Every structure is written in C-alpha cells, then in structure tokens.
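Q: Please see the structure below; I have some questions.
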Amino acid sequence: MRRRHLAVLAREVEARGLSWRLAGPEESLLSVAGPRTRRQVMVVATLFGDAWYYLWPGGGMAGVAEAADVAERLTRLLG
C-alpha cells in the first residue's frame, strides 16, 4: 500500500516538472528534486490510525487523497 501511495505522488510531481526516485529499504521513500534548483526532499507515506498520510521535512503532512495538492506544495518548496 505504501509504495502505491508513493507512486501516485510520483506521477503528480513528474507532471509538474520535478524529478523523483524511490529510495530506502524496499523503496519506502520518495525522493523528489527540483530540476532547476537541485534541492530535494524525501517524502514518506505512513499509516496513522486508519488513514494514510504523506509526511515531509518542515512539518509537511497531508492525506494521500490530496496527492495533487502535495505535488503543488512540493513544487513551490523546491522551486
């Protein structure tokens, strides 16, 4: 399930011009990079209670149903 949520977000960030790769043990992290700035951020998908969330540094948190919004936020963050 985790990898499926990360794949959904990967498609969203790629559609916005960001690059990505799956990383970590069993590809459990999504590394997202801005092509112009080369800044990058690692995103995890985690189960909390009965819902899945994306988490990223700086206090970023959103439900996996909000993948498009998360991609927009990451685009602004990574420039």
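Residues checked against (1) out of contact with any Ser or Thr (no Cβ under 8 Å at 6 or more places or on another chain); (2) of a type in the set (D, E, K, R):
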residue: L18; (1), (2): no, no
residue: R21; (1), (2): no, yes
residue: T37; (1), (2): yes, no
residue: F48; (1), (2): yes, no
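Q: Being surrounded by 19 or more Cβ atoms within 10 Å (Cβ to Cβ) and touching a residue at least 40 places away in the same chain (Cβ under 8 Å) is the requirement here; does A45 meet it? Please lay out each step first, then the result.
A: Details: surrounded by 19 or more Cβ atoms within 10 Å (Cβ to Cβ): yes; touching a residue at least 40 places away in the same chain (Cβ under 8 Å): yes.
Spelling it out, A45 is indeed surrounded by 19 or more Cβ atoms within 10 Å (Cβ to Cβ) and touching a residue at least 40 places away in the same chain (Cβ under 8 Å).
Q: Now, a different point. Could you list, in sequence order, the residues of the stretch 19-42 that are under 10 Å from the mean Cα position of the chain (by Cα), surrounded by 15 or more Cβ atoms within 10 Å (Cβ to Cβ) and within 14 Å of A7 (Cα to Cα)?
A: W20, L29, L30, S31, V32 - these are the residues of the stretch 19-42 that are under 10 Å from the mean Cα position of the chain (by Cα), surrounded by 15 or more Cβ atoms within 10 Å (Cβ to Cβ) and within 14 Å of A7 (Cα to Cα).
Q: Another question, then. In the stretch 49-59, which residues are in contact (Cβ under 8 Å) with a residue 40 or more places away in the chain and within 11 Å of the chain's Cα centre (by Cα)? Don't jump to the end; show me each part of the working.
A: Looking only at the stretch 49-59, we keep the residues that are in contact (Cβ under 8 Å) with a residue 40 or more places away in the chain, and these are 52, 54.
Across the stretch 49-59, the qualifying residue is only Y54.
Q: Give me the pairs, please: first residue somewhere in the stretch 60-77 and closer than 16 Å to R11 by Cα and among the basic types (K, R), second residue anywhere and modelled with pLDDT of 95 or more and outside any helix (DSSP H, G or I), beta-carbon distance under 9 Å, and either six or more positions apart or on two chains.
A: R73/W56; R73/G60; R73/A62
Q: Ok, one more. On the phi > 0 side of the Ramachandran plot and either in contact with a strand residue (DSSP E or B) (Cβ under 6 Å, 6 or more places away or on another chain) or not β-branched (V, I, T) (or both): does that describe R38? Steps first, please.
A: Working: on the phi > 0 side of the Ramachandran plot: yes; either in contact with a strand residue (DSSP E or B) (Cβ under 6 Å, 6 or more places away or on another chain) or not β-branched (V, I, T) (or both): yes.
Considered against the rule, which asks whether it is on the phi > 0 side of the Ramachandran plot and either in contact with a strand residue (DSSP E or B) (Cβ under 6 Å, 6 or more places away or on another chain) or not β-branched (V, I, T) (or both), R38 comes out as yes.
Q: When you look at W56, is it among the aromatic types (F, W, Y), buried (at least 18 other Cβ atoms within 10 Å of the Cβ), touching a Ser or Thr at 6+ places or on another chain (Cβ under 8 Å) and at negative phi, yes or no? Spell out the reasoning first.
A: On the way: among the aromatic types (F, W, Y): yes; buried (at least 18 other Cβ atoms within 10 Å of the Cβ): yes; touching a Ser or Thr at 6+ places or on another chain (Cβ under 8 Å): no; at negative phi: yes.
Considered against the rule, which asks whether it is among the aromatic types (F, W, Y), buried (at least 18 other Cβ atoms within 10 Å of the Cβ), touching a Ser or Thr at 6+ places or on another chain (Cβ under 8 Å) and at negative phi, W56 comes out as no.
Q: Let me spell it out: the conditions are (1) within 16 Å of L77 (Cβ to Cβ); (2) hydroxyl-bearing (S, T, Y); (3) more than 11 Å from the chain's Cα centre (by Cα), and T46 meets all of them except one. Which number is the exception?
A: (1)
The values are calculated or read from the model by the stated rules, or taken from the named source; none is laboratory data. These figures come from a predicted structure and were not determined experimentally. Glycine gets a Cβ as well: all are built from the backbone with ideal geometry, and neighbour counts include every protein chain shown.
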